[in-house]
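S.K.: The following block contains the structure, expressed as structure tokens.
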Amino acid sequence: MGKRIIQQRRGRGTVTYRAHSHRWLTEVKYRGLDDIEKNSSITGEIIDLLHSSGHSAPIALIKYSNGEKVYMFAPEGVRVKDSLESGIKAEIKKGNTLPLKNLPEGTLVYSIEANPGDGGKLCRASGVSAKVISHLSDGTIVELPSKKQKKFNSLCRATVGIIAGSGRLDKPWVKAGKRHHATRARGKLYPRTSGVAMNAVDHPFGSGRGRHHSKIKSPSRFAPPGRNVGQLRARRSGRK
């Protein structure tokens, strides 16, 4: 009898694949969208720069003028005691948070809201940024780091600049142990065995002469969990 493949084990939701969110610093999102930000702006000061094992980018603890404290992703080049603004009338400056409709075309932004007031859901990894492409009557077109262009509600907020931590991938792992500890902190499995390296009894892609998938990589849409591996529900495969 073969073993359960990785997709089946992940689906069970056991400790091995569960996110270790109890070790993470906190939830990172914008302050609530209130009348202050809708009509004016509010000033805050960075009082600390922190690290969270659940996030790849450094986190800034910001204290606003009304005493409210918020955790946000830090942009490149900021320091403790720097001042930041948030709101519709904020200056278009690195680290400030504004609605997309107030940002000129070509502005680099990150931590974009998918819906106004949700706190910022997109473009949150270290060293990444999106670009405001154009403003339409019914929304704003933004080019994401994947080069895909997406239309957002013009009232969605975003932070000006590039998110900090851009050199994270420049340094090689060198040792497997380094990679093990880094992935373990994020609740990810390492090392992960390739399906083509397994025996036929252990994986649909196993066995065969050399490392190649012995079955087509696009399974049926109605394939059972043990067979549903490869390019799931692929719209197309191969060259265009």
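Taken together, the values in this text are just the output of simple stated rules run on the coordinates, not laboratory data. These numbers were taken from a predicted model, which means no experiment stands behind them. Glycine also receives a Cβ, built like all others from the backbone with ideal geometry; neighbour counts cover every protein chain displayed.
For (1) over 16 Å from the mean Cα position of the chain (by Cα); (2) closer than 16 Å to V28 by Cβ, each residue gets a yes or a no:
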{"residue": "K94", "(1), (2)": "yes, no"}
{"residue": "N102", "(1), (2)": "yes, no"}
{"residue": "L108", "(1), (2)": "yes, no"}
{"residue": "L122", "(1), (2)": "no, yes"}
{"residue": "V128", "(1), (2)": "no, yes"}
{"residue": "S146", "(1), (2)": "no, no"}
{"residue": "C156", "(1), (2)": "yes, no"}
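S.K.: For E27, state whether it is acidic (D, E) and surrounded by 12 or more Cβ atoms within 10 Å (Cβ to Cβ). Steps first, please.
M.R.: Working: acidic (D, E): yes; surrounded by 12 or more Cβ atoms within 10 Å (Cβ to Cβ): no.
So E27 fails the test.
S.K.: From the list S237, S207, which one is free of Cβ contacts under 8 Å to residues at least 60 places away in the same chain and on the phi > 0 side of the Ramachandran plot?
M.R.: S207
S.K.: Name the residue that is surrounded by the fewest Cβ atoms within 10 Å (Cβ to Cβ), counting only residues in the range 162-184 that are in contact (Cβ under 8 Å) with a residue 12 or more places away in the chain and within 16 Å of the chain's Cα centre (by Cα).
M.R.: Looking at residues that are in contact (Cβ under 8 Å) with a residue 12 or more places away in the chain and within 16 Å of the chain's Cα centre (by Cα), I get L169.
S.K.: Check the range 101-120 and report whether any residue there is hydrophobic (A, V, I, L, M, F, W, C) and surrounded by fewer than 16 Cβ atoms within 10 Å (Cβ to Cβ).
M.R.: So far as the range 101-120 goes, yes, one or more of its residues are hydrophobic (A, V, I, L, M, F, W, C) and surrounded by fewer than 16 Cβ atoms within 10 Å (Cβ to Cβ).
S.K.: Scan the range 137-174 residue by residue and report those that are closer than 23 Å to N39 by Cα and of a type in the set (S, T, N, Q).
M.R.: Scanning the range 137-174 gives S137, T140, N153, S154, T159.
S.K.: Mind checking which residues of the range 203-230 are closer than 17 Å to G11 by Cα and surrounded by 11 or more Cβ atoms within 10 Å (Cβ to Cβ)?
M.R.: Scanning the range 203-230 gives H203, A223, P225, G226, R227, N228, V229, G230.
S.K.: Let me ask something else about it. Does L189 satisfy the condition of being in contact with a Gly (Cβ under 9 Å, 6 or more places away or on another chain) and not basic (K, R)?
M.R.: Values: in contact with a Gly (Cβ under 9 Å, 6 or more places away or on another chain): no; not basic (K, R): yes.
Answer is no for this residue.
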